[in-house]
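Peer 1: Below is the structure I would like to discuss, written out as structure tokens.
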Ligand SMILES: *Cc1c(COP(=O)(O)O)cnc(C)c1O
């Protein structure tokens with residue numbers, strides 16, 4: 001594997017300032033002292049792996065990422081375990097998905113062990129930034145973008161892979177536990193054959209305007225339907241969805257090429273199965289959803305992803321009607337599954353699947 005050059009920050013934040021900065025944690029606004037960067041040049045491969053101070057990255061104004069959006073990212077967390085050590089949840093799955101995203105965006109693959117080693121190096125350098133388990137976790141953001149100065153349209157020949165870290169508390173601003181969703185009938189997030197299954201910044205850019213429409217309607221997040229029939233539930237802008245029925249069945253839409261394959265989604269399928277639920281990957285239509293919510297057949301619905309783990313969906317609004325799910329404030333299944341998954345992530349429950357990777 002590549003050797004890293006280490007340039008620690010000469011004057012890192014004092015323990016006192018850091019504690020003050022971490023007293024109230026939001027999401028993605030506070031950053032640690034360091035970052036990892038690795039460069040890629042066609043013909044040479046990956047080179048110049050550096051753990052150094054977190055700082056701006058100079059870019060040529062013609063850098064391909066600024067024009068044609070060749071950019072992918074990942075999101076995972078490092079948790080403080082009861083013995084004081086720090087571990088992350090299934091980082092290998094993120095490394096694999098990163099390369100799947102890279103394939104779709106015509107970018108070079110990063111060896112999976114180098115992906116995990118980059119995270120390890122950053123967490124070791126900034127270990128004091130990992131919050132106590134009851135306060136939050138350290139969100140890790142690996143990403144890669146095209147740096148080659150070239151305006152022709154083809155895959156770039158130069159890239160930077162970078163990892164930054166941010167201590168985080170909860171994800172959603174509103175204090176209540178259940179969120180209200182806006183279902184977009186006008187806009188879609190991803191199309192068959194498009195980039196929906198890749199974790200690329202461009203997908204998020206396309207979701208921002210529908211998100212503003214949702215906010216105008218008093219909603220927290222947007223849920224997107226499929227692009228062809230505008231009928232089938234796909235996912236949120238950054239989270240997958242699951243539906244819980246009175247008979248103990250949980251449905252989640254199948255990975256159809258335009259849904260992002262979430263690590264949380266995948267892990268919850270296992271955890272829910274072990275908790276006695278029957279998890280089915282099955283298409284679920286908006287009309288059926290509305291009908292099942294109104295009849296009471298649908299007991300709960302929740303969104304899932306690394307940032308917020310499980311977020312209950314209390315209410316749904318759309319141009320085609322509004323409805324409430326259950327009592328409108330989440331339910332027992334979401335709570336149970338959240339506790340089971342978070343229990344493993346925080347080292348409070350046995351890690352029977354070997355999901356935890358010690359980092360520091
Ligand atoms: C990252 C992401 C998810 C959730 O994936 P996790 O691996 O569970 O964090 C879901 N949908 C989209 C669009 C995403 O970008």
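Values in this text are rule-based calculations from the coordinates and carry no lab data. Just so it is clear, the structure is predicted and the values come from calculations on it, not from any experiment. Every residue, glycine as well, gets a Cβ built from its backbone with ideal geometry; the counts of neighbours run over all protein chains shown.
Peer 1: Roughly how many Å is it from the Cα centre of the range 177-191 to that of the range 82-130, as a whole number?
Peer 2: That distance is 29 Å.
Peer 1: Same structure again: Taking the Cα atoms only, what angle lies between the long axis of helix 263-274 and the longest principal axis of the chain, rounded to 10 degrees?
Peer 2: 50 degrees
Peer 1: Could you give the angle, 0 to 90 degrees to the nearest 10, between helix 286-295's Cα long axis and the longest principal axis of the Cα atoms of the chain?
Peer 2: Roughly 50 degrees, rounded to the nearest 10.
Peer 1: Still on this model: Would you please report the Å³ per residue occupied by the convex hull of the alpha carbon atoms in the chain? Let's see the in-between values first.
Peer 2: Details: hull volume 50.5 nm³, N = 360.
Cα-based convex hull of the chain, divided per residue, equals 140 Å³.
Peer 1: Here's something else I'd like to know. Relative contact order for the chain: what percent, with Cα pairs under 8 Å and sequence separation of 6 or more? Can you show the working numbers first?
Peer 2: Values: 762 pairs, mean separation 66.8, N = 360.
Computed value for the chain: 19 percent relative contact order.
Peer 1: Remind me, what semi-axes does the range 138-235 give for its equivalent ellipsoid, largest first in whole Å, using sqrt of 5 times each Cα gyration tensor eigenvalue?
Peer 2: Values: eigenvalues 167, 96, 24 Å².
Here the semi-axes work out to 29, 22, 11 Å.
Peer 1: Separate question: If we sort 74-81, 36-43 on the protection proxy, mean other Cβ atoms within 10 Å, highest first, what's the order?
Peer 2: On the way: 74-81: 21.5, 36-43: 16.8.
So the order, starting with the most tightly packed, is 74-81, 36-43.
Peer 1: Work out, step by step, the length gained on full extension between residue 104 and residue 59: first 0.36 nm times the residue separation, then minus their alpha carbon distance; give nm to one decimal. List each step's numbers first, then the result.
Peer 2: On the way: separation 45, 0.36 × 45 = 16.20 nm, distance 2.35 nm.
Separation in residues times 0.36 nm, less the Cα-Cα distance, equals 13.9 nm.
Peer 1: Can I ask one more? Can you put 177, 212, 258, 166 in order, fewest other beta carbons within 10 Å first?
Peer 2: Numbers: 177 16, 212 10, 258 23, 166 20.
With the fewest neighbours first, 177, 212, 258, 166 line up as 212, 177, 166, 258.
Peer 1: Now, a different point. To one decimal place, what orientation-averaged projected area in nm² is obtained for the convex hull of the Cα set of the range 227-360?
Peer 2: Working: hull surface 35.2 nm².
Convex hull of Cα atoms, orientation-averaged projection: 8.8 nm².
Peer 1: Counting helices only, and only those DSSP H runs with n ≥ 4, report the 222 nm mean residue ellipticity of the chain as the sum of -39,500 (n - 2.57) divided by its residues, in deg cm²/dmol to the nearest 500. Could the numbers behind the result be given before it?
Peer 2: Values: 8 runs with 92 residues, N = 360.
Taken over the chain, the calculation gives -8000 deg cm²/dmol.
Peer 1: In square nanometres, what is the average projected area of the Cα convex hull of the range 27-81? Kindly include the intermediate steps, with their values, before the conclusion.
Peer 2: Working: hull surface 24.0 nm².
The directionally averaged projection comes out at 6.0 nm².
Peer 1: Where the convex hull is taken over the Cα atoms of the range 290-360, what is its projected area averaged over directions, in nm²?
Peer 2: So the Cα hull casts an average projection of 6.3 nm².
Peer 1: Can you sort 357, 147 from fewest to most other Cβ atoms within 10 Å of each residue's own Cβ?
Peer 2: Ordered by Cβ neighbours within 10 Å, fewest first: 357, 147.
Peer 1: Okay, moving on. Normalised by the residues of the range 179-345, what does the relative contact order come to in percent, with Cα pairs under 8 Å and at least six apart?
Peer 2: On the way: 332 pairs, mean separation 40.4, N = 167.
That works out to 24 percent.
Peer 1: Between residue 339 and residue 231, what length comes free when the chain is fully extended (0.36 nm per residue of separation minus the Cα-Cα distance, one decimal in nm)?
Peer 2: Numbers: separation 108, 0.36 × 108 = 38.88 nm, distance 3.23 nm.
Extra length from residue 339 to residue 231 when fully extended: 35.7 nm.
Peer 1: Here's a follow-up. Specify the residue with the greatest mean-square fluctuation among 22, 242, 144, computed from a Gaussian network of the chain linking alpha-carbon atoms under 10 Å apart.
Peer 2: Greatest mean-square fluctuation among the candidates belongs to 22.
Peer 1: Fewest first, what order do 73, 98 take by the number of other Cβ atoms within 10 Å? Kindly include the intermediate steps, with their values, before the conclusion.
Peer 2: Numbers: 73 16, 98 23.
The order, fewest Cβ neighbours first, is 73, 98.
Peer 1: While we're here: How large is the Rg to Rh ratio of the range 1-155 when both quantities use alpha carbon positions and Rh follows Kirkwood? Walk me through the intermediate numbers first.
Peer 2: Details: Rg = 16.7 Å, Rh = 17.0 Å.
Result: Rg/Rh = 0.98.
Peer 1: Where the centroid of each part is defined by its Cα atoms, how far is the range 294-338 from the range 215-237 in Å?
Peer 2: When both Cα centres are located, 14 Å separates them.
Peer 1: While we're here: Report, to the nearest 10°, how far helix 201-216 tilts away from the longest principal axis of the Cα atoms in the chain, using its own Cα long axis and a range of 0 to 90°.
Peer 2: Relative to the chain, helix 201-216 is tipped by roughly 40 degrees.
Peer 1: Give, as ranges by residue number, the residues of the range 340-360 whose backbone N falls under 17 Å from the point 7 Å along Cα→Cβ of residue 275.
Peer 2: Output list for this probe position: 340-353.
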